[in-house]
Amino acid sequence: MKKEKRVEITLTTERTISIKSKRAVVALCSRCEKHVRWAAPDLAAFLSGLSAREVYRRVESHSAHFAETGEGMLLVCLNSLREESQVSLADENEIADFESNKSNGQTREES
């Protein structure tokens, strides 16, 4: 009887993303296998129409793709939010409005 030889290979990759803006950024998502827009959870919530809590729930359950920057900032793959919830994402004008309202202390409901 022949003994089967089993070889396991584990690859670990590490990527560093530096963010200098609070806007959505484009970077490679290893799970989507393409370049997609990434955003901080509060901006991702605004763009997807989900609550921030729902975005964090999806990150915690790994249903939303996410990454952490070298500075510890959480980024969420907007493509994964769109695919799971089948919502359309806001455009760049709405991102600018969100950032303007946030810097003025307003939330989505107030604006």
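Bear in mind that the values in this text are calculations on the coordinates, not laboratory data. Worth saying up front: this structure is predicted, and the values here are computed from it rather than measured. Every residue, glycine as well, gets a Cβ built from its backbone with ideal geometry; the counts of neighbours run over all protein chains shown.
Residues in region 34-48, backbone N under 17 Å from the label point at Glu60 (7 Å along the Cα-to-beta-carbon vector): list them, ranges by number please. Answer for region 34-48: 41-42, 45.
Restricting attention to region 22-84, which GluC sites (Glu not before Pro) occupy a DSSP loop and are surrounded by at most 15 other Cβ atoms within 10 Å?
Passing sites in region 22-84 are Glu33, Glu71.
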